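Before any comments, here is the structure.
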Amino acid sequence: MEIVSEKSDLDYREKIQRNIEKIKSDIPDDVTLVAVTKMHTVNETQAVVDAGVYDLGENREQDLMAKKDKIQGPVRWHFIGHLQTNKVKYLVGQVALIHSISSMKLINKVETESEKKDVVTDILLQFNLADEDTKSGFDATELDAAVSRVAQCAHIRLRGLMCIGPMTENSDKIHKIFAQLKQMYDKIKITYKNGDNEIDTLSMGMTNDYPIAVEEGATMIRVGRKIFER
């Protein structure tokens, strides 16, 4: 029984590697693949790293922290899920990038916790451009105010913008949302701190829509299901 189990595990690791190779073949070299490892075991997550993907995304703070010290390799951890203010203190200083800063309250909390730990935290501002009740995020009209607030924070480094594509199979609507975020990204890249900034990340696109996101200028995609499908 153990031999069968080990073979099955090896087969699955090889499938994960093939899945990753397929995704990488679909995207330009300058687009970063973040593997979304939520709900996957340490062994499955390690298989992703062993396949050469070092950017890992988790949706829950407790899951990220539980895996963080168990995964071997030069991993860059990304927090990509809905963020509660009471969880910020656990993430500051522990992750490479927080994608889901979706309110002024969160900006203020990240600044406070980062100052306490004497670190600078890299963030993305999340926008809910599809105006869907199930998603968090700033409205497009709040871009200037959110960016201005971050500019006042000595312990936050704005790296760019993030959104989740709309829940639809209508590719035109998906294109429209991603194109809108790209326009916003291009704007702040020029205007934020008069262009003297480190904005380089446009995080959009998941398993169902990452090809569209790449077409519209994404520099980072977040893919889970397509990596782990058997």
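Every read-out reported here was derived from the displayed coordinates using simple, explicitly stated rules and does not represent laboratory data. The shown structure was predicted, so the numbers you read here are calculated from the model rather than taken from an experiment. With ideal geometry, Cβ positions are generated from the backbone for all residues, glycine too; neighbour counts draw on all protein chains shown.
Per-residue Cβ neighbour counts within 10 Å put M204, M65 in the sequence M65, M204, beginning with the fewest.
The region of the chain that goes longest without hitting one of the GluC sites (Glu not before Pro) in a DSSP loop, each with at most 16 other Cβ atoms within 10 Å, is 1-131.
For Cα Rg over 2.2 N^0.38 Å, the value computed from the atomic coordinates appears in the list (1) 1.09; (2) 0.94; (3) 1.03 under label (3).
Computed on the stretch 2-228, with alpha-carbon pairs under 8 angstrom and 6+ residues apart, the relative contact order is 18 percent.
In a simple Cβ point-charge model (Lys, Arg +1; Asp, Glu -1; nothing else charged), the stretch 2-228 has a dipole of about 420 debye relative to its Cα centre.
One decimal place: the segment D9-E132 gains 40.4 nm when fully extended, by the rule 0.36 nm per residue minus the C-alpha distance. If the chain linking Y90 and R18 were pulled fully straight, counting 0.36 nm for each residue of separation and taking away their Cα-Cα distance, it would gain 22.5 nm.
In plain terms, the residue of I123, I221, I188, I27 with the fewest other Cβ atoms within 10 Å comes first and the most crowded comes last, giving I27, I188, I221, I123.
The ranking of S114, S8, S136, S25 from fewest to most other beta carbons within 10 Å of each one's beta carbon is S25, S8, S136, S114. Please tell me the relative contact order of the stretch 82-184 in percent, rounded to the nearest whole number, where contacts are Cα pairs under 8 Å and at least six residues apart. Computed value for the stretch 82-184: 26 percent relative contact order. Pairs exceeding 25 Å between alpha-carbon atoms, taken from K38/K187; K70/K135; K89/K173; K15/K135; K68/K116; K15/K173: K38/K187; K70/K135; K89/K173; K15/K135; K15/K173. In order along the stretch 205-213, the Karplus-derived 3J(HN,Hα) couplings, from 6.51 cos²θ - 1.76 cosθ + 1.60 at θ = phi - 60°, round to x, 10, 3, 7, 9, 5, x, 5, 4 Hz, and Gly and Pro are given as x.
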